[in-house]
Amino acid sequence: MPSDDKPRATHAEGPETALRLVVDPALCIGSGICLATSPRHFESAAEGHRSRARSDAPVVDESADDAVALCPVEAIGFLTSRPPAPPPASPGP
């Protein structure tokens, strides 16, 4: 069962927050848990047994949350981005 102390995609700051999965290749030990848990979001990297986030991955969902929580070396994380804020309103005449 996933640990509650790791970031969860379903607990993002709001619906306008875009989440992208990333895998730190320096930490990845190639255990394959992410591939087994969420094959829609991960694939094997060309450099052997390590994993990487799929570039065509669908929206982050609960299976991606589980892959992040189950990674034994915490090599997977989320990058968040928000759309740019609108420019401030111009002062009136």
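The values are calculated or read from the model by the stated rules, or taken from the named source; none is laboratory data. Because the structure is a prediction, the values reported are computed rather than measured. Ideal geometry is used to build each Cβ from the backbone, glycine not excepted, and the neighbour counts take in all protein chains shown. Side chains included, ligands, DNA and RNA excluded: accessible areas come from the protein's heavy atoms. Shrake-Rupley method; radii C 1.70, N 1.55, O 1.52, S 1.80 Å.
For T10, work out the one condition from (1) open to solvent by 60 Å² or more (accessible area, probe 1.4 Å); (2) modelled with pLDDT of 85 or more; (3) polar (S, T, N, Q) it doesn't fulfil. Only one criterion is unmet by T10, namely (2). Filter the stretch 35-69 for residues that are touching a Phe, Trp or Tyr at 6+ places or on another chain (Cβ under 7 Å) and among the small types (G, A, S) and give the result. Across the stretch 35-69, the qualifying residues are S51, A53, A67.
Looking at the stretch 54-63, can you tell me whether even one residue there is at pLDDT 80 or above, surrounded by 11 or more Cβ atoms within 10 Å (Cβ to Cβ) and assigned to a loop (DSSP other than H, G, I, E, B)? The answer is yes, given that some residue of the stretch 54-63 is at pLDDT 80 or above, surrounded by 11 or more Cβ atoms within 10 Å (Cβ to Cβ) and assigned to a loop (DSSP other than H, G, I, E, B). Annotation: P15 fulfils all but one of (1) open to solvent by 40 Å² or more (accessible area, probe 1.4 Å); (2) part of a loop (DSSP other than H, G, I, E, B); (3) at negative phi; (4) modelled with pLDDT of 75 or more; the unmet one is (4).
Selection within the stretch 64-81: residues that are over 18 Å from G30 (Cα atoms) and exposed (fewer than 11 other Cβ atoms within 10 Å of the Cβ). The member of this set that is modelled with the lowest pLDDT is S81.
Among residues of the stretch 20-31 that are within 18 Å of S63 (Cα to Cα) and of a type in the set (S, T, N, Q), those with a Cβ under 6 angstrom from a residue that is at pLDDT 90 or above and open to solvent by 70 Å² or more (accessible area, probe 1.4 Å), sequence gap 6+ or separate chain, pair up as S31/P72.
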